[in-house]
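Here, each number is a calculation from the coordinates, and none is a lab measurement. What you see is a predicted model, and the numbers here were worked out from it, not measured in a lab. A quick note on method: Cβ atoms are made from the backbone with ideal geometry, for glycine too, and the neighbour counts reach across all protein chains shown.
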């Protein structure tokens, strides 16, 4: 049963496994807490442009979507492991308010617009970081391309294509 | 005019000045993005225990309260400088949605319960990190004590004493 | 299919998840390659004191026991996930000599004295690092205690108690 | 009142804000103590080529020109804040010999050739570091260009153009 | 008299001097323990393709060839100093099994095929790391070229040209 | 032939070998440029209290006393190697003004009061850093004690006992 202070210490120290696997040194690798910050900020930005969305809730879902990693660590997609049960157990074991835990289930189920935006923001956040590492000479192509494809697919599926394509175009201007 | 990707790159790289001044090495110092994550999570936790609070909005205010630092850097309280104008100009120059900028003004003015909770969460977040550095042999007493005093004062002023004192007690159990 | 150079880049950059979960900052956390070096050196030391052991083989098994993590990352024990299939797939996908892959299976099955020594050396290596982090103010008690218990159990099971207890006593002298 | 040991601990840990704002990670960012070393060495080199200059004094002025940051941190130029009063208060509060404090005033006033050389060396030092970050894929153009312009302007104003242009040419040879 | 735990702590913390001299920041520089891991893994790979070689012994020699640096540090080739006596004294002073110390002498004398493979693997390991730093914008040309030349010369001298040239070609495919 | 920009890049990246040998991680270890800054500042402070000393020259000697390490790296005292010839060759090969090289010889010969103060400041600087690492849980006793003894001996030999003992007492107040 991990308390909020321990949870913060963990998320600040866990560097994301995907980057490290690609050769980004631990001292340079994005931490989970930084990933959650960026996902949340992007969710706020995107949902501010939409009607009928609780933008603060979307941001809150994005903020907490990976907090179970404080218990189980950041398990890479390349492990090809179903981590959903492990992650749920982790979330349940955390000593935090149930209102926060509920948000995680909304992220997992993607059955609300806020949960969907959080999911896309998670991917956009990873995409943005990949652009920086690429400029610095790291080979993160496979992550960048996979994530971009997922972003496009999700935004089509949920009729968010216009707003997301616009968002992606803005990134290309900075990161050419 | 800084775009959201540049903003994220900056906030991930800016280590907080207060810690570095106290001798915490840059590689170990909390970044601004990590501080914003923790502040936002704490705001969510605290406001989940209160009625009549938009907890997601409180979390969102805490999330963005320092994003102006992407432009101006993290100016230490020890500088004794009024940075409010500089920070406002920074916020205004950011290429992000106006809805986000409005949240900053709610933080600054402290005229809503959500803004007040964000403010206390900002301080609690700093307090939590100070406990970790102290255990690791750093002398961060002055920050820890100042921040705790501010927390107590604010929670008294806004009738949040019970909930905040409880929160602080929980921290002491982990960090003895 | 990861080649030996990519494999080295990955293992040098992957910080071990157990330490990061406990709040050890990425820049300070032991990498997988460092863990494999230490495990291998310890295997060499311990098996040098035993008869009827191919000490170089024991060292080689310890050296490569985690190289699959170059593909799947370092999945923490706290995740409570059976990663054996994922790890085997990873090993098989590596573009390295089959002779090396065979060593991994000897580690997993623990059906040779060399495989057993590699397993104990893996644990001893983790124990040694936990002593250092503890001195530096980190709370790694749970890892330290679990690992020590496993060491004792394994050394009893395989009649290596004398030599391992001696080894542990030596560590306590340095790390008091 | 900060003593010389605390002052050294602080300046070794404060990473320069300008670099971090541009996305250079804290672990890679130049510290204030490193900046002061480089400024001082450059002052020694440049003034060694001039007559009628106390080269050791020029180096000493460059060495200490930012020591007030041990109290107030490194406030970025992008903050557009007049930090001169804050910096003077900081210098005065330091528990160091008055002879050292006097050097700071000579830097600020630029009314001696040694103070002027220290000022140009401060800028040259920043320019040199920007060239390294640029090669490593960081976008530090705005700092590099601003600093170069200031260097040229100052060297014209004080009739040091020949020697400074020569110095800059040498740098371009290494950093192409 | 350094014990195995202190030895591991040292080798994990000593960043290789050659890289740091070339401007690779300490947080990014390969440590001696990482170098020994990579050398050992390469020795295992190469000798697995050869007959009449104790591949595990070759790996073990490569594993320990620099452990004396736990006492004397990593003295750069650019120092042009004969460090052989100093290194031997260091090895002898280590509190490790004599069987390990013997391996060092086999590395130094290069009078067995296992010792020779360890020597080439040491160089190949350095070459591989130089390719990564080069991609990240560092100027490590002189190390890369010197090491490659030594590799070619040694492989010719000991009739290992085919296998080593093949190994080098594989690296070029990843690191183009 | 190393130019001033390359020299600065090197000295900023070379972490001091003594600390790393003692287990201080590269990301936390003092760099040579930081050591030279601190030595120089201490020389300025101490000589400001003395008559008949060119305090700026003492600071300048301390500033450059290790710049040869940009070529040869930081060779630890524990290597027991006479590095004086190697260091002189390094200094001579640097592409810097001869006036700077002369200062190095004054440091080496210790035949002027300024050279002596630089030498003591070099040691005091190391002592100050050892106090910080000790507080953070590292075992740097042997360095701390050796350096303190050398400081006392030198200050007795050159009749600087009063001023140095006072300086040391000030440090003990902060670092209890």
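Observations on the structure shown:
- Computed from label points 7 Å out along Cα-Cβ, the spacing between residue D:157 and residue C:108 is 7.1 nm.
- Rounded if a/c under 1.5, otherwise prolate or oblate - region E:1-41, Cα gyration tensor axes: oblate
- Taken residue by residue and averaged, Cβ atoms of other chains lying within 10 Å of the Cβ of A:59-70 number 4.
- Under a Gaussian network description of chain F, with springs only between Cα atoms under 10 Å, the residue in F:88, F:49, F:148 that fluctuates furthest is F:49.
- Put in order of Cβ neighbour count within 10 Å, fewest first, the listed residues B:135, F:16 become B:135, F:16.
- Partner shielding of E:94-100 amounts to 4, given as the average count of beta-carbon atoms from other chains within 10 Å of each residue beta-carbon.
- Taking region F:111-176 and dividing mean pair separation by its residue count, relative contact order in percent (alpha carbons under 8 Å, at least six apart): 32 percent
- Copy-to-copy label separations for residue E:150, where each label sits 7 Å from Cα toward Cβ, in nm and ascending: 2.9, 3.8, 4.3, 4.3, 5.4
- Axis-proximal residue of chain A for the rotation onto chain D, reported as residue and distance in whole Å: A:27, 2, based on Cβ position.
- Taking B:82, B:122, B:145 as the candidate residues, the one with maximal mean-square fluctuation in a Gaussian network model of chain B, Cα springs under 10 Å, is B:82.
- Across peptide E:117-130, the average count of Cβ atoms from other chains found within 10 Å of a residue's Cβ is 1.
- 10 Å binning of all Cα-Cα separations within region F:79-134, expressed as whole percents from 0 upward: 20, 38, 35, 8
- Sum of -39500 (n - 2.57) over DSSP H runs of 4+, divided by residues of chain A (222 nm, nearest 500): -21500 deg cm²/dmol
- Inter-copy label distances at residue E:98 (7 Å, Cα→Cβ; nm, one decimal): 4.1, 5.8, 7.0, 7.0, 8.5
- For chain B: rounded, prolate or oblate by the Cα gyration tensor [a/c cutoff 1.5]: oblate
- Contact order relative to length of chain C, as percent, for alpha carbon pairs under 8 angstrom and 6 or more apart: 24 percent
- For A:71, D:61, order by how many other beta-carbon atoms lie within 10 Å, fewest first: A:71, D:61
- Ranked from largest, the principal axis spans of the Cα set of the protein assembly as shown equal 79, 78, 50 Å.
- Shape category assigned to region A:23-120 from the gyration tensor of Cα positions, a/c cut at 1.5: oblate
- Measuring r between the beta carbons of residue D:142 and residue F:98 and using R0 = 41 Å, the FRET efficiency lands at 0.65.
- Highest GNM mean-square fluctuation among C:48, C:33, C:130, for chain C modelled with Cα contacts below 10 Å: C:48.
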